[in-house]
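Trainee: Take a look at this one; I'll ask things after.
The values are calculated or read from the model by the stated rules, or taken from the named source; none is laboratory data. No experiment lies behind these values; they were computed from the predicted model shown. Neighbour counts are summed over all protein chains in view; Cβ atoms, including those assigned to glycine, are modelled from backbone coordinates with ideal geometry. Protein only, heavy atoms only, side chains kept; ligands, DNA and RNA dropped before computing areas. Shrake-Rupley method; radii C 1.70, N 1.55, O 1.52, S 1.80 Å.
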Amino acid sequence: MGDLRDLYQEVILEHSKAPRNYRELQNPDRKAEGFNPLCGDHFTVYLQMQGETIQDVVFQGSGCAISKASASMMTQALKGKTRQDADELFERFHNVVTGHAAANGSDAELGKLTVFSGVSEFPTRVKCATLAWHTLQAALAGKQDAVSTE
Amino acid sequence: MTTIARSPLHSGRTAVHEDAPGFDVERVRADFPILREKARGHQLVYLDNAATSQKPKVVMDAILRYYEHDNANIHRGVHYLSERATEEFEEARKSVQSFLHAARPSEIIFVRGATEAINLVAQTYGRVHVGAGDEVLITTMEHHSNIVPWQMLCEEKQATLRVAPINDQGELILEEFEKLLGPKTKIVSIGHVSNALGTVNPLAEIIRMSHARNIPVLVDGAQAVPRVPVNVQELDCDFYVFSGHKTYGPTGIGILYGKLALLEAMPPYQGGGDMISSVTFEKTIYNKVPHKFEAGTPDMSGAVGLRAALEYLERLGMDNIAAYEHELLAYATKVVSAIPGVRLIGTAKEKAGVLSFVIEGIHPHDIGTILDQEGIAIRTGHHCAQPVMARFCIDATARASFGLYNTKEEIDALVLGIQKVQEVFA
């Protein structure tokens with residue numbers, strides 16, 4: 001089990017207290033709802049697309065520090081990226097938070113998202129870190145039903 | 001006995017905790033092997049008793065003894081072991097009867113747990129008595145297991161689920177409850193002690209009001225049986241359910257108590273062996289209660305383990321346990337609510353065993369992870385009571401729930417843990 005400071009890094013705490021892109025889009029091209037039935041966390045992710053490119057991505061909802069910071073930093077990372085970029089980034093992110101790939105600060109693709117590598121030491125919190133990403137995928141896929149981590 | 005610990009109330013100074021007279025918690029702790037475990041390098045502080053309780057050695061020994069000496073299928077064989085196993089199982093039933101102060105052993109039905117017991121009543125008594133346009137009455141503070149079985153029944157029967165409201169302290173509003181009792185109400189189903197709030201419901205009043213209108217009452221005692229003395233005849237409830245695993249007994253076993261006349265009039269729940277008197281392809285004659293409701297080979301070792309748990313509690317005395325836990329809860333309420341930024345959820349006058357709280361600006365899930373690093377086990381989330389969370393406009397709480405082996409020193413550790421949580425998020 002890792003150190004608490006590996007999990008609750010300053011950047012994560014800061015984003016959880018002041019999440020970026022935390023709002024609703026009035027007429028989103030796509031949106032999806034995601035929730036974690038175990039802890040009650042729930043988020044809605046809104047997308048404005050231009051073809052295959054994510055022109056704008058914002059979110060709203062409530063959750064723990066990890067899930068909120070992850071959602072916040074996800075929106076920052078994805079603005080202007082293509083759908084394929086988003087899928088690839090999620091795969092890398094997922095590998096890092098589940099401990100399947102070592103993250104290092106020089107991982108240019110993941111960039112700031114490497115701060116979530118501490119999550120891999122806290123298996124019960126992986127779902128917190130990935131909730132927004134699963135919700136994003138559902139929005140990109142145009143799914144109607146709310147996605148669940150379970 | 002007297003123990004000494006650093007108290008966060010008098011930081012830096014030494015606090016002396018006096019335990020309730022007639023209850024030696026250190027001796028009790030020695031009966032629970034798991035309490036000697038370390039968690040994350042710390043001495044385990046187990047404050048998740050409302051989820052499940054730990055088991056005393058006598059329970060494990062009883063289960064082992066059953067498998068080593070008595071195991072065979074019950075109510076069937078003519079052989080020696082089957083006779084012994086049957087006797088063990090039926091003795092366990094009598095011990096539950098005595099613990100709940102039921103009139104007859106045949107009013108005690110072995111099920112998997114409180115959840116199955118409620119489903120059993122909904123699917124038997126409920127399906128017979130609840131019809132289109134009828135109502136089932138519950139309260140806002142119910143566990144999902146006392147909501148969903150009734151929703152399923154109401155959906156099937158085109159009946160309506162009515163919900164009696166609670167106030168800001170988490171207490172049932174009795175006048176509103178009484179207003180909801182009407183000619184269409186076919187059953188009332190209510191928790192004895194709320195798992196999310198700790199509220200102890202005024203059952204005597206509730207049952208009196210319901211019976212005045214000839215409405216039967218099911219009491220979900222999952223959180224009450226381990227904490228307070230229960231006398232089903234004094235309560236005059238029609239059904240009472242609880243789970244073995246929250247009562248210091250094994251998992252997989254629970255109890256449905258029902259008044260004999262009701263049980264006899266109810267159709268069976270599941271079909272199978274042991275619940276029949278005779279079977280032909282043309283007609284099956286059902287067995288008498290309680291066997292009518294116990295289809296298939298039951299959890300025999302579970303029943304033996306549950307008996308050991310209830311006898312253990314009887315030796316300690318439920319009055320002593322209730323008094324000791326009351327003192328623990330009062331202490332925890334005082335020291336936890338004194339921490340700046342902490343707000344208690346559930347501040348009913350009558351409470352037992354449960355301290356739910358939120359910390360300003362910090363999600364309960366994060367509280368749980370940080371406390372866990374200190375070896376402190378609490379529950380975080382909605383506690384299978386999402387309507388309660390909605391009532392208080394929150395998504396989740398952190399919940400410390402106490403058992404008979406917890407100590408004031410462990411509550412002090414919780415307070416220090418909460419302070420650490422606040423430091424991390426400062």
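Trainee: Cβ neighbours within 10 Å, averaged per peptide: list A:52-64, A:78-90, B:398-410, B:371-383 in order, most packed at the top.
Mentor: My ranking of the peptides, most packed first, is B:398-410, B:371-383, A:52-64, A:78-90.
Trainee: With axes computed from alpha carbons, what is the tilt in degrees of helix B:364-373 against the longest principal axis of chain B, rounded to the nearest 10 within 0 to 90?
Mentor: With rounding to tens, the tilt is 70 degrees.
Trainee: Can you give me the long-range amide H partners of B:Ile187? Hydrogens built in the peptide plane at 1.01 Å from N, cutoff under 5 Å, separation of 5 or more residues or another chain.
Mentor: B:Leu137
Trainee: Over segment B:123-213, with the other protein chains present, what is the accessible area per residue in square angstrom, probe 1.4 angstrom?
Mentor: 39
Trainee: OK, next. How much of the pair distance distribution for segment B:178-249 lies past 18 Å, counting alpha-carbon pairs only, in percent?
Mentor: 37
Trainee: Hey, can you grab everything whose amide H is under 5 Å from the amide H of A:Ile54? Only 5+ residues off in sequence or another chain; H modelled, so Pro and N-termini drop out.
Mentor: Sorted by chain and number, the residues that satisfy this are A:Gly80, A:Lys81, A:Thr82, A:Arg83.
Trainee: Follow-up question, since we're still on this one. What fraction, in whole percent, of alpha-carbon pairs in the protein assembly as shown exceed 45 Å separation?
Mentor: So the portion of pairs separated by more than 45 Å is 25 percent.
Trainee: Continuing with this model, one more query. State which entries of B:Lys246/B:Lys292; B:Lys157/B:Lys292; A:Lys31/A:Lys143 exceed 19 angstrom in Cα-Cα distance in the structure shown.
Mentor: B:Lys246/B:Lys292; B:Lys157/B:Lys292
Trainee: Once you keep just the Cα pairs under 8 angstrom separated by 6 or more residues, what percentage relative contact order results for chain B?
Mentor: 22
Trainee: Another question about this same structure. Under a straight-distance cross-link criterion of Cα-Cα below 19 Å, which aspartates and glutamates are reachable from B:Lys55, leaving out those fewer than 8 residues away in the same chain?
Mentor: Excluding near neighbours in sequence, the set is B:Asp24, B:Glu26, B:Asp31, B:Glu37, B:Asp299, B:Glu311, B:Glu314, B:Glu325, B:Glu410.
Trainee: List the relative contact order of segment B:115-235 as a percent without decimals, with contacts defined as Cα pairs under 8 Å and 6+ residues apart.
Mentor: 24
Trainee: Quick one, can you get me the convex hull of the C-alpha atoms of chain A expressed as volume per residue in Å³?
Mentor: 99
Trainee: Please tell me the relative contact order of chain A in percent, rounded to the nearest whole number, where contacts are Cα pairs under 8 Å and at least six residues apart.
Mentor: For chain A, the relative contact order is 32 percent.
Trainee: Turning to a different aspect of this structure: Past 23 Å, Cα to Cα, is the threshold; run A:Lys68/A:Lys127; B:Lys38/B:Lys408; B:Lys259/B:Lys351 against it and keep the listed order.
Mentor: Over 23 Å Cα-Cα: B:Lys259/B:Lys351.
Trainee: Which percent, to the nearest 5, of DSSP beta bridges fully inside the protein assembly as shown are antiparallel?
Mentor: Antiparallel bridges: around 70 percent, rounded to the nearest 5.
Trainee: Now for a different question. Provide the per-residue ³J(HN,Hα) series for segment B:332-339, in order, calculated from phi with Karplus coefficients 6.51, -1.76, 1.60 and θ = phi - 60°, each as a whole number of Hz, with x at glycine and proline positions.
Mentor: 4, 4, 5, 6, 6, 6, 7, 6
Trainee: Quick one: dipole size for segment B:61-145, taken about the Cα centre, charges +1 on Lys/Arg Cβ and -1 on Asp/Glu Cβ, in debye to the nearest 20.
Mentor: The calculated dipole for segment B:61-145 is roughly 140 debye.
Trainee: Okay, helix-only estimate at 222 nm for chain B: each DSSP H run of n ≥ 4 adds -39500 (n - 2.57), divide by all residues, round to 500 deg cm²/dmol; what do you get?
Mentor: -10500 deg cm²/dmol
Trainee: Residue by residue through B:358-368, how many Cβ atoms from other chains fall within 10 Å of the Cβ on average?
Mentor: 5
Trainee: Can you give the % of DSSP beta bridges in chain B that are antiparallel, to the nearest 5?
Mentor: 65
Trainee: Right, something else. Along each of its three principal axes, how wide is the spread of alpha-carbon positions in chain B, in whole angstrom units, largest first?
Mentor: 77, 54, 34
Trainee: Further question: Per q in 0.16, 0.22 Å⁻¹, report the Debye log10 I(q)/I(0) for segment B:283-335, using one uniform scatterer on each alpha carbon and no solvent.
Mentor: -0.71, -0.87
Trainee: Same structure again: What size of dipole, in debye to the nearest 20, comes out for the protein assembly as shown about its Cα centre when the only charges are +1 on Lys and Arg C-beta atoms and -1 on Asp and Glu C-beta atoms?
Mentor: Using only the charged Cβ atoms, the result is roughly 360 debye.
Trainee: Starting from the Cα gyration tensor of segment B:294-422, multiply each eigenvalue by 5, take the square root, and state the resulting semi-axes largest first in whole Å.
Mentor: Those come to 30, 19, 15 Å.
Trainee: Using θ = phi - 60° and the Karplus relation 6.51 cos²θ - 1.76 cosθ + 1.60, list the HN-Hα couplings for segment B:110-123 in order, rounded to whole Hz, with x at every Gly or Pro.
Mentor: 3J(HN,Hα) across segment B:110-123, in whole Hz: 7, 9, 7, x, 4, 4, 5, 4, 5, 4, 4, 5, 4, 7.
Trainee: Let me ask another. Whole angstrom only: what separates the Cα centroid of segment B:284-350 from the Cα centroid of segment B:209-233?
Mentor: Answer, in whole Å: 14.
Trainee: Next up: Treating the angle as unsigned and between 0 and 90°, give the value, to the nearest 10°, between the Cα long axis of helix A:126-140 and the longest Cα principal axis of chain A.
Mentor: 20
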